[in-house]
Structure formats: C-alpha cells, structure tokens
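Report on one structure; see the data block that follows.
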Amino acid sequence: MSNLQLAPLSNLPVLPVVVSLLFAVLLILGHGRLRYQRAVGAAGVLAALVADLILFTTVLREGPLVYRAGDWPAPYGILFVADRLNVLLVLVAGVVGAITFWFAVRSLDEARQRAFFYPLFHVQLAGVYGAFLTGDLFNLFVFYEVTLLASFVLLTLGGERFQLQEGLKYVIINTLSSAFFLVGVAILYRTLGTVNMADLAVKVASAPDQGWLLVIAVVFVVVFGLKAAIFPLYFWLPYSYPTAPTAIAGLFAALLSKVGIYSLFRVFTLIFVAQVSVTHHGLFLVLASFTMVLGVLGPVAQMDFKRILAFHIVSQIGYMLMGLGFYTPVALAGGIYHIVHNMVIKTGLFLTAGATEEVTGTSHLERMSGLLRSHPVLAAVFFMSGLSLAGMPPFSGFFSKLALMVGGLQAGGYLVVAISVAVSFLTLFSMIKIWRYVYWGPDRGERRLDARATSPLVWPAAALLLISVGMGLGASFVFDYSYATALELMDPARYVAAVLGPQAAAVLAHAGL
C-alpha cells in the first residue's frame, strides 16, 4: 500500500516540464488562431503553476523526491530530483511566468503574438523547469540548449535590425558556452565515469587527485558564470536583453541568469566542495565583488531605461554569488533569499519600464519627463520597486541583503560586505536617476495612453511589487525557509541518500562532507 501511495509522488518532479511541453505542442497545433493561442497559453501557464505548487508542498511534506525515467536505478538513466532549493525556484518561476504572460498579452503587438510567441514561451518555461530539476549534468546541458533555442527566437521576435545584431552575439556567446559545457562534462565522465550529480558527489569526495578536479571545477565556473553573467563574462547581457520586447526581457531577467546561478549553487554545494578555501572563499568572493561593482557602475553613463535595468541584473547576481562565496548557512540563506527577491522585483521593474514605454513611445530617459502627474500609480509602482531593488526596508531586498551582510561579517569578509553596502547606495542612485528623469519634473511629452488605459499594463508589475512587500513583511518565514534550505545544501549526504541510498551517503560522511 505504501508503494502505491509513493509511486505517484515520485512522478511529480517531471510534471512541470511535461505540462509546459504539452501546452507548447497544443499551441503549435493551433498556430495562427490568436484567440486560441491566448486561451490555451493562459491555461498552460496556470496549469504549470498548479504543478509547481503541488510539487513545492509535496517536497515540504515528504522531503526530496526522485523521478527515475523508465525506472532505471541511479546513476543510470534520466533522473529528476526535487528538493527545497529547486522547488522554491520552480514555484517562483511559475509565478513570474504567469504574470509576465499576462503583461505580454496586453503589450505585444499581434504580429509578434502570431509569430510562435506562445509555444516558445512555454518551451522557455519547460527548459528552465528542466534545468532546475534535472539530476545529472548532461541533461542540464540539454535543458540549457532548450532555453537557448527558445530565448534566441524570442529575443529576435520582430526581426528588427538591432535585435538581429544583438541576437547574433547572444547565440554565438551561448554556443561557445555550450561547447565549454560539453568539454567539462566529457572530462568529468572520462575521469569519474558518471554524469549523475549525486554519483559525482560521492566519487569526487573519494578521488585522490583533487588538483585535477579543481581544474574541472574552474571549467564549470566559466560555463555557469557565462550563463549567470558574472564578471568578466557579463558583457553580452546589458546590450542583448533590452532589444527584446519588454515582456520577454522581463522573463529573461527573472529566469535565464538565475538558471546559471542555480547551477553554481547546485554544483558547488554538492560536487566541488573539497577545496572551499580556493573555490568559494577565494575565487567566488573576488568574482562577486567585481560583478557587483562593475554591474552597478555600468548604468552611470546610460540613458536608456531598460539598459540601466539590464546592468543591474549583473550587479544583483554579484550579491547571490557573494552568498555562495562565504559558504556559511546564514550567507547561503541570504543568497537564496536574494535569488527569489531578484526574480520577482527585477521582472516587476522591467514590466514597469515596458508600461512607461507604452505611454511615452520611447525608453530614452530624457524624453519621458513628468509621468508622476499624468500616471501617478505607474510612478508609485516604480518608486517602491526601485527602493526594493536598492535594499530599502520594508521590502524584500533589505532583508535578503541584511542576511548576506550578517553572514559575511560572521565569516570575517569585511571588505566584501563594505563593497556590497556601497553598491546598494549606487543602486539607489540609479533608481533616483530614473525617477528624476522619467517621473519627476515637468510634463514634456505626448502621452499615447492615459492613466485609465495604462492600468492593465501596471497591474502585473504591481502584483510583483506586492509579492516583494509580502516577502519583506514575512521576512522571518522566508528566511527560515532559506536557512533550512542552506543547511540542506551544506549537507550533501541528504541529496545523495535520496538518489543513491544511505550507503552512498555514508561515503560523504566518511570524507567529512
């Protein structure tokens, strides 16, 4: 009877991927019928969100879940593993995906909506879900390629010259990253004979040649760092994302770089943890500091609303990497908290920028003055969202950064913490710059939409702002979840036991991991 009850649960980790791919197929079959596309697309994001919520609550109740395709035992066959970290990110991705979909229906022109936008949107979600939930590195590579395929088409949707120019750079850089990824996977397989993450954790822990494994670890830092847009591999992001329609840019801001940072969190808390003083306390903290500083300095000379926000994606990734670099429970918890906060509020800011662009017909700051008078709700949503991004209380950004700074001070990382504080003030400066040019000042330009007509474009960003406020007011609950997740990450034996059984987990315990 017990086995009959557990069997359906073991299928849950693959459910979000299957649901999104199923609706992508249904949308392709209905290509050209716009009302059908909108209705089925909306049903798809809601169905995926329900699957995400079921998976999230089940993992909280039952612990880690493992799906074995074809019932092949690990480490053989295809595995999907759901634990506290990835189900949280899957749930937030579903929420952000649903709200972004709402904005896209309202803001995208019909030509783009008819150009396979809806099936590609669901393929993108499927790729992100798969990357979060997969249990082996080769399938992580496969889902990276799924997201790359969908994101390249979405990025160039509309075929404008600048889109194609930046899209070409985007696909070349990501193809290069994929090549490095394959090299890393091939070397790991040649060295240890497996690509299963849990099995790799066991074999790396007992491997005699840790120096060679450190070289392999650096290869994966390059691969995942390029996807996450960390220093010095961030140069492509601030110029490619703003070329996409705002709904797509908001989706990318929430999901694509977070797949990269999730991969770093997963691989460098599960597999490459034998030389933390070199990889985490050394390399990651240096990269995090440069990522924060250069990401926040980039917007100083920029006068394009969306490009400023794109640069701030980079600087905020630095905070997440900072949590992994300190590698303490509090710092890791702060990093996890900040990932979720940034997925929510960065998307909200992009959607606010998109609504503002719809009103003014431009994204250039000097041509958007005076919106506070004509569109006060839109201005208020930006103002509070900008404060959250900068880390002002009572928003979620304050509490995630507070946890990171406390964790950093406990670990003795005073310089990195000081840099993170300075970057927060510079982030606030950028938000004030946007506020001053766009919403404050005299009403100079024509308005294509009045305040009432703009409302459907404002509510998606307002909904994300409310989530940020809720995460701030309920900071103790969010931090408790993040802290428990951090403790789980720092005890890789639990993940290994769920996948391979207690005997394999005992190897990690013997190695002191």
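Could you list, in sequence order, the residues of the stretch 192-211 that are hydrophobic (A, V, I, L, M, F, W, C) and assigned to a helix (DSSP H, G or I)? So that I can check it myself, show each step before the final result.
Kept after step one, since they are hydrophobic (A, V, I, L, M, F, W, C), are these residues of the stretch 192-211: 192, 195, 197-198, 200-202, 204-205, 207.
Within the stretch 192-211, L192, M197, A198, L200, A201, V202, V204, A205 meet the criteria.
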Practice problem: Please state which of the following conditions I432 fails to meet, knowing it meets all the rest: (1) over 18 Å from V296 (Cα atoms); (2) surrounded by fewer than 24 Cβ atoms within 10 Å (Cβ to Cβ); (3) β-branched (V, I, T). | Solution: (1)
Exercise. Could you give me the residue pairs with C-beta distances under 7 Å whose first residue belongs to the stretch 446-459 and is farther than 20 Å from T100 by Cβ and in contact (Cβ under 8 Å) with a residue 12 or more places away in the chain, whose second residue is among the small types (G, A, S) and surrounded by 16 or more Cβ atoms within 10 Å (Cβ to Cβ) wherever it lies, and which are 6+ apart or on separate chains?
Key: R447/S374; A451/S374
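Scan the stretch 212-243 for residues that are outside any loop (DSSP other than H, G, I, E, B), out of contact with any Asp or Glu (no Cβ under 7 Å at 6 or more places or on another chain) and under 16 Å from G167 (Cβ atoms) and jot them down. Can you show your working first?
So in the stretch 212-243, the residues outside any loop (DSSP other than H, G, I, E, B) come out as 212-228, 237-243.
This time we only want the ones that are out of contact with any Asp or Glu (no Cβ under 7 Å at 6 or more places or on another chain), so: 212-228, 237-238, 241.
L237, P238, Y241, listed by residue number.
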Practice problem: Keeping to the stretch 143-191, report how many residues are at pLDDT below 90 and either in contact with a strand residue (DSSP E or B) (Cβ under 8 Å, 6 or more places away or on another chain) or not in a helix (DSSP H, G or I) (or both). | Solution: 5
Exercise. Return a yes/no flag: does the stretch 369-382 have any residue that is more than 16 Å from V458 (Cα to Cα), in contact (Cβ under 8 Å) with a residue 40 or more places away in the chain, touching a Lys or Arg at 6+ places or on another chain (Cβ under 9 Å) and surrounded by fewer than 24 Cβ atoms within 10 Å (Cβ to Cβ).
Key: yes
Practice problem: Within the stretch 169-225, track down each residue that is under 24 Å from the mean Cα position of the chain (by Cα), surrounded by fewer than 17 Cβ atoms within 10 Å (Cβ to Cβ) and among the aromatic types (F, W, Y). | Solution: F180
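Scanning the stretch 312-337 for residues that are part of a helix (DSSP H, G or I) and surrounded by fewer than 24 Cβ atoms within 10 Å (Cβ to Cβ), which turns out nearest to the chain's Cα centre (by Cα)?
Selected residue: L324.
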Quiz item: Hey, among M292, M303, which residue is surrounded by fewer than 24 Cβ atoms within 10 Å (Cβ to Cβ) and hydrophobic (A, V, I, L, M, F, W, C)?
Solution: M303
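Please tell me if P242 is in contact with a strand residue (DSSP E or B) (Cβ under 8 Å, 6 or more places away or on another chain) and crowded, with 23+ Cβ neighbours inside 10 Å. Before the answer, list the steps.
Values: in contact with a strand residue (DSSP E or B) (Cβ under 8 Å, 6 or more places away or on another chain): yes; crowded, with 23+ Cβ neighbours inside 10 Å: yes.
Here the answer is yes, as P242 does meet what is asked.
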Exercise. Out of the residues in the stretch 66-82 that are closer than 23 Å to Y262 by Cα and assigned to a loop (DSSP other than H, G, I, E, B), state the one that is modelled with the lowest pLDDT.
Key: A74
Exercise. Look through the stretch 385-404, keep the residues that are of a type in the set (A, V, I, L, M), touching a residue at least 60 places away in the same chain (Cβ under 8 Å) and in contact with a Ser or Thr (Cβ under 8 Å, 6 or more places away or on another chain), and return whichever of them is farthest from M471 (Cα to Cα).
Key: L404
Exercise. Consider T134 carefully, then state whether it is surrounded by fewer than 23 Cβ atoms within 10 Å (Cβ to Cβ) and farther than 30 Å from Q113 by Cα.
Key: no
Exercise. Look through A98, A126, A115, A111 and report the one residue that is in a helix (DSSP H, G or I), within 23 Å of G167 (Cα to Cα) and at pLDDT 95 or above.
Key: A126
Quiz item: Here are some residues: L34, L15, L46. Which one is touching a residue at least 40 places away in the same chain (Cβ under 8 Å) and crowded, with 19+ Cβ neighbours inside 10 Å?
Solution: L15
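State yes or no: is Y495 crowded, with 20+ Cβ neighbours inside 10 Å, over 27 Å from L351 (Cα atoms) and either more than 20 Å from the chain's Cα centre (by Cα) or touching a residue at least 60 places away in the same chain (Cβ under 8 Å) (or both)?
In short, yes.
The values are calculated or read from the model by the stated rules, or taken from the named source; none is laboratory data. Keep in mind it's a predicted model, so treat the numbers as computed, not measured. Note that each Cβ is placed from the backbone with ideal geometry, even for glycine, and that neighbours are counted across all protein chains shown.
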